[in-house]
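Novice: Here you go, one structure.
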Amino acid sequence: MGFIVGYIVGFALGFGLIVGFARYQNTRSIKRSDLAAAIAAFARMTVEDSRKLLPDKFYPSWVVFSQRQKLNWLNHHMEKIWPYVDEAASEIIRNSVEPILEQYRPAILSALKFSKLTLGTVAPQFTGWDGNPNIVLDIKTRVGVSLPIQVKNIGFTGVFRLIFKPLVDEFPCFGAVCYSLREKRNLDFTLKVIGGDISAIPGISDALEDTIRDAVEDSITWPIRKIVPIIPGDYSYLEVKPVGILEVKLIEAKELTNKDIIGKSDPFAKIFIRPLRDRTKNSKTIDNQVNPIWNEHFEFEVEDVTTQHLTIKVYDDEGIQAAEIIGSAQIPLRNLEPGKVKDVWLKLVKDLEIQRDNKNRGQVHLELLYCPLNSESKFRNPFDPDFRLTSLEKALKQVSDDGSVFGDSPKSNPTTKPEIIIRGVLSVTVVSAEELPATDFMGKSDPFVVLTMKKSDQKNKTRVLNDTLNPVWNQTFDFVVEDALHELLMLEVYDHDTFGKEKMGRCTMTLTRAIIEGEFTDSFNVDGAKSGKLNLHLKWTSQSIVKE
């Protein structure tokens, strides 16, 4: 009897739960439908409808309704005249942008022009721009193939700087407007071959994407600015002008990623502050080497030392194929002290904007010297033709140069710059070394140093000091140098063994600092060794020769 009662109670309870759950679900579904309908109704409401339903006190303090927002009349007229504005604006953009694209055109392309350019069929609203832009570039490759490339899905965000200058006493109270991109946050676009796949053509996609990105960013990124005259007048003084010269020595690189299956990479470097074709410097290619030594000098104009960067990109030369990038590095110019030589090792990364991985792609060794451009400059630049002139000689030279003012920098025309040769005697004192790595079984080493002048191939070496990791040599060596600006001093530290020698590491340096300072003492890390540094004293006595 108890079993039957329990069975009936259990069945009734289960049935009740099922009915209750079904009613709950039905009620919940009705509420969700009502909520969805209400949300849809609110979505269709205009600003005027919402103001009628809710008083101003229900809106946050940052929501403001003003008469300035009622620009429907202007947008209405813009829709009517948009076809004519689109045609005129597209022609202006074509005439302005095509010369810029030509400046940045990579060598793999013979021509880079617009074959189709419209701003779309939808007129812009003054609350934003939303249309259907259609941009088609007409590409001609070196092999004569013509490709129509469509640029689509353009997305751009950034912070613009507007300068209203000069202020005048007539309406609209300023003579011109300067605009510039102060901070770029994002620039995205998609490339598509009309009727094909751009990825099927090796090298074209990357070269074209870099070209467009560099052209857009560099042409309007601060300190570069565009000037729009409002009141007729001469506003050339608002244009960007050089404020200094950056001397760059590309010395060497180490541990570069090997991009070749057979053999080693053939690295070369591209260096620039602005990625214009005529302001980008290319180094020579070092064949089959992942630890190349370039020892090349380049010179760059600087427009704004506080915001500009020096960029270096290292590539693997693939011959007739497009070069493959190994890595990139960048250093802000604001980190440089005017007139002081800065010796830096920069780590190469895959992408300068996004840190994608921690893979070691190698390092590049640079020597940098920034010298401001002004007549009162007290900074010495050994690459300047007037470096060795006295104050009197400089004054006489200024008077003899057809009465021109010295403020007109000779750097403005680099093609007339004479070649500078500085020769003299470099005295190198190898004082000591500290914390060298142990190479013997007993935890000691027998170190000695080999000194080499790379260009002239002069060599000297210190004596061997046995069983020490902190040797003290105090030996001085003199080198007669014929071309100090292009010479390289290498100091290689070895461990002496009975049947040969084992290399610990090396120090590599130019003579620029010695030329500027005349004499100095400093410590240098032993590159390639786990630890250790060399203490050196350098003294320079020079005589300058200028080749006309």
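Bear in mind these aren't lab numbers, they're just calculated from the coordinates by the rules spelled out. None of the values given here were measured: they were computed from a predicted structure. Note: ideal-geometry Cβ built from the backbone for every residue, glycine included; neighbour counts use all protein chains shown.
Novice: Looking at this model, which pairs from LYS503/LYS539; LYS340/LYS530; LYS501/LYS530; LYS249/LYS342 are more than 21 angstrom apart at the alpha-carbon?
Specialist: LYS503/LYS539; LYS340/LYS530
Novice: Continuing with this model, one more query. What's the exposure ranking of CYS371, CYS173, going from fewest to most Cβ atoms within 10 Å?
Specialist: Ordered from fewest to most neighbouring Cβ atoms within 10 Å, CYS371, CYS173 come out as CYS173, CYS371.
Novice: Simple spin-label model, 7 Å along Cα-to-Cβ: SER427 to VAL159 in nm?
Specialist: So the two model labels end up 5.4 nm from each other.
Novice: In which sequence would HIS365, HIS537 go, from the one with the fewest C-beta neighbours within 10 Å to the one with the most? Let's see the in-between values first.
Specialist: Values: HIS365 19, HIS537 15.
Fewest to most other Cβ atoms nearby, the residues stand as HIS537, HIS365.
Novice: Okay, moving on. Spelling out what I want: for every residue of the range 347-354, take phi, set θ = phi - 60°, compute 6.51 cos²θ - 1.76 cosθ + 1.60 (Karplus), and round to whole Hz; glycine and proline get x.
Specialist: Karplus-based 3J(HN,Hα) across the range 347-354 equals 7, 7, 10, 6, 9, 6, 8, 10 Hz.
Novice: What order, most packed first, do the peptides 276-282, 433-439 have when packing is the mean number of other Cβ atoms within 10 Å of each residue?
Specialist: 433-439, 276-282
Novice: Apply 1/(1 + (r/R0)^6) to the Cβ-Cβ distance of SER96 and ALA12, taking R0 = 56 Å, and write down the FRET efficiency to the nearest 0.05. Could the numbers behind the result be given before it?
Specialist: Details: r = 84 Å, r/R0 = 1.50.
My answer for the efficiency is 0.10.
Novice: To continue, here is another question. What is the local net charge at PHE298, summed over the other residues whose Cβ is closer than 9 Å to its Cβ (Lys, Arg +1; Asp, Glu -1)? Each step should come with its number before you reach the end.
Specialist: Working: positive: LYS249, LYS281; negative: GLU247, GLU296, GLU299.
My count for the surroundings of PHE298 gives -1.
Novice: Still on this model: Would you kindly derive the ³J(HN,Hα) couplings of the range 241-251 from the backbone phi angles with the Karplus curve 6.51 cos²θ - 1.76 cosθ + 1.60 (θ = phi - 60°), listing them in order in whole Hz, with x for Gly and Pro?
Specialist: 9, x, 10, x, 10, 10, 8, 10, 10, 8, 8
Novice: If you put +1 on each Lys and Arg Cβ and -1 on each Asp and Glu Cβ, how big is the dipole of the range 301-384 around its Cα centre, in Debye rounded to 20?
Specialist: Details: 11 positive and 15 negative charges, 82 e Å.
Magnitude of the dipole: close to 400 debye.
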